[in-house]
Each structure stands twice: as structure tokens, then as C-alpha cells.
1. Of the residues Ile168, Ile147, Ile209, which is over 26 Å from Gly77 (Cβ atoms) and part of a strand (DSSP E or B)?
2. Which residues, counting only those in segment 94-119, are under 18 Å from Glu5 (Cα atoms) and without any contact (Cβ under 8 Å) to a residue 24 or more places away in the chain?
3. Enumerate the pairs (first residue in segment 226-246 and free of Cβ contacts under 8 Å to residues at least 40 places away in the same chain and of a type in the set (Ser, Thr, Tyr); second residue anywhere and part of a loop (DSSP other than H, G, I, E, B) and surrounded by fewer than 24 Cβ atoms within 10 Å (Cβ to Cβ)) with beta-carbon separation below 9 Å, excluding pairs fewer than 6 apart on the same chain, so at least 6 apart or on different chains.
4. Quick one: is Ile115 at pLDDT below 95 and either part of a strand (DSSP E or B) or more than 17 Å from Ile159 (Cβ to Cβ) (or both)?
5. Only one of Thr163, Thr109 is assigned by TED's automatic domain parsing to the domain that holds Asp94, under 22 Å from the mean Cα position of the chain (by Cα), surrounded by 15 or more Cβ atoms within 10 Å (Cβ to Cβ) and closer than 27 Å to Ala10 by Cα; which?
6. Applying the selection to segment 247-263, what residues are touching a residue at least 40 places away in the same chain (Cβ under 8 Å), of a type in the set (A, V, I, L, M) and touching a helix residue (DSSP H, G or I) at 6+ places or on another chain (Cβ under 7 Å)?
7. Please state which one of Ala275, Ala223, Ala232, Ala228 is in a loop (DSSP other than H, G, I, E, B) and closer than 28 Å to Asp117 by Cβ.
8. Is it the case that some residue within segment 2-15 is modelled with pLDDT under 95 and in a loop (DSSP other than H, G, I, E, B)?
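The values are calculated or read from the model by the stated rules, or taken from the named source; none is laboratory data. Just so it is clear, the model here is predicted, and its values are computed rather than measured. Neighbour counts run over all protein chains shown; Cβ positions are idealised from the backbone, glycine included.
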Amino acid sequence: MLKFEKYQGAGNDFVIFSEKDLIEKGIPDYSELAKEVCDRHYGIGADGMIILKYVATMPFMFFFNADGSQAPMCGNGIRCFAHYLKNNGIQEEDTFTVKTLPGDMIIETKQGEDINDFVAKVNMGKPIFEIKELINTDKDRFLKEKITIDGKEIEISYIFMGTDHSVIFVNDFEDFDIDKIGSKIENFTELFPKRVNVNFVKVVDRKYIEVVTWERGAGRTLACGTGATASAVLAREFGFTDEKVNVKVPGGILVIEYAGEGNDAFMTGPSEKVAEGQYLFKR
């Protein structure tokens with residue numbers, strides 16, 4: 001039996017394990033574990049799995065998508081991970097650092113008397129626009145470029161915001177078959193060799209955008225923190241929005257702050273603990 005806790009951030013849900021428990025149980029393949037526990041019919045059910053590791057005594061967030069693929073980072077996941085660290089007494093300070101594959105993330109937390117009265121502000125770091133080495137292109141930047149999917153020309157941009165994100169600005173979500181096009185762009189490995197997250201973005205006004213994300217390895221989700229951040233960053237860069245913007249995702253509202261290129265982006269949003277228990281691992 002494996003001890004787990006489950007959290008959700010704006011509807012994006014995650015199962016969290018401690019690596020110490022996995023080692024004690026002799027579970028070597030975290031990718032297979034992720035596929036099993038994230039299955040919504042035969043497992044616990046989640047968009048992703050997080051493992052608490054330690055690097056030089058500091059907590060490290062090790063993240064897997066529901067299909068078992070590993071991702072560098074997850075924006076909603078890191079808020080939930082921070083909540084988990086606070087709830088379990090691993091972090092007692094309100095502001096602390098979490099290690100991730102892209103680098104150290106500074107997190108400011110606020111928790112009320114109730115366990116789920118919790119909000120975290122995460123320094124997401126600087127968006128990476130110089131992407132020639134990350135995707136198959138001879139361009140230094142990939143902004144407002146045209147690709148063709150099923151005979152339809154689509155204007156798309158790509159940046160690295162903790163992980164790989166493509167962004168498509170739309171007038172109306174109904175103009176796109178999000179599941180079909182999202183899946184095709186995710187797996188358009190001719191351009192995106194590691195596959196890619198796909199964000200459809202509608203600008204409502206200078207302080208408010210709506211985002212629907214097709215996540216690499218998970219499909220359409222209720223929220224994607226790095227996707228919301230990437231979308232807000234590009235909305236700001238293209239002159240559509242102000243420095244601080246509310247991002248409505250299907251699972252709630254995230255607040256993104258970004259002052260322009262050369263600056264860090266900040267994401268603020270909630271986290272909720274929804275379950276804890278013992279999972280019977282199917283060897």
C-alpha cells in the first residue's frame with residue numbers, strides 16, 4: 001500500500017507521493033505508476049502525478065503526465081505541491097524555494113485557519129523566446145507563424161514557460177475543434193519534437209483573457225498554470241493586455257503578472273486538498 005494525497009488547483013488535479021515510500025515498496029518505474037494511478041476508471045484519477053524528492057535537503061518536484069511522460073514543470077502542480085509541503089510540515093515558512101527541472105521556483109503562500117484556505121504566488125521565471133534549439137525551425141523566435149492542420153491555416157506562437165507551450169489566439173472558441181486540433185498540434189513532431197501543450201486564447205479586454213488548454217500527455221484539462229502564464233505573456237507581448245491579467249480557465253481564475261520581456265512572470269492561484277489514503281499498487 002502506498003500513502004498518497006490528492007490536490008487540485010483550478011480543477012487541474014494531481015496525486016502526490018513521497019519518493020521515500022516508493023523506494024521502500026520497491027517501485028522502480030515511476031512512468032508506469034503515473035499511468036496507473038492517473039487512470040480515472042482503474043486508478044485514483046488525475047491529470048498528473050507528483051513525487052516529492054530531495055536534492056541537497058531541498059524539496060524537488062518530480063512531475064509526470066497522465067500518460068506516463070515526464071514534464072519539466074507544472075504551474076498548477078507546483079501550487080498543489082507547495083500546499084502539500086505546508087500541510088505535512090515539510091515547509092514551515094510562508095515563502096520558500098522548490099526545485100524543479102527548469103530551475104528553482106520561489107513560492108509565496110498564504111494559508112488561513114482552514115486547511116484549504118490556501119493561495120500561492122509562484123515566480124514562474126522568465127519566458128524563453130529564443131527557441132531555435134528547442135523546436136525544429138531555423139527561426140530564432142517562433143511568433144505569429146503559420147502552420148497548416150487538416151488543410152486549415154493556423155497562426156501559432158511558441159515559447160518555453162517552464163515547459164513547451166504553443167499559443168493560438170482566437171476570436172471564438174467555437175471556431176476550432178479544440179480536441180481534434182489540439183491533439184494534432186500536440187503530436188506535430190515534425191515541428192515540436194518533444195510534443196507540445198496547445199493553448200487557445202480569447203482576449204476579452206486588457207485585464208481579462210480566457211484560455212482552454214490541450215495538455216501534452218493529458219488532453220483537455222480544466223486548467224494549466226504554465227499554459228495560462230504563457231498565454232498571458234504573449235498577450236502582453238502582442239499589446240493585447242496590461243501587466244496584470246485575470247486568466248479564466250474552465251476550472252477557475254488565475255492571476256498572471258508580467259511586465260514585459262526581460263522580466264519574470266508571476267502566477268497566483270488556489271490549491272485544495274481533496275483526498276488522502278492508501279493506494280494498492282498493481283505490480
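1. Among Ile168, Ile147, Ile209, only Ile147 is over 26 Å from Gly77 (Cβ atoms) and part of a strand (DSSP E or B).
2. Residues satisfying the conditions are Asp114, Asp117.
3. Cβ pairs passing all conditions: Thr241/Arg206; Thr241/Lys207.
4. On the way: at pLDDT below 95: yes; either part of a strand (DSSP E or B) or more than 17 Å from Ile159 (Cβ to Cβ) (or both): yes.
When the stated conditions are applied, Ile115 passes them.
5. Values: Thr163 fails: assigned by TED's automatic domain parsing to the domain that holds Asp94.
Step by step, each of Thr163, Thr109 is checked, and only Thr109 is assigned by TED's automatic domain parsing to the domain that holds Asp94, under 22 Å from the mean Cα position of the chain (by Cα), surrounded by 15 or more Cβ atoms within 10 Å (Cβ to Cβ) and closer than 27 Å to Ala10 by Cα.
6. Scanning segment 247-263 gives Val249, Leu254.
7. Values: Ala275 fails: in a loop (DSSP other than H, G, I, E, B); Ala232 fails: in a loop (DSSP other than H, G, I, E, B); Ala228 fails: in a loop (DSSP other than H, G, I, E, B).
Among Ala275, Ala223, Ala232, Ala228, only Ala223 is in a loop (DSSP other than H, G, I, E, B) and closer than 28 Å to Asp117 by Cβ.
8. No, segment 2-15 contains no residue that is modelled with pLDDT under 95 and in a loop (DSSP other than H, G, I, E, B).
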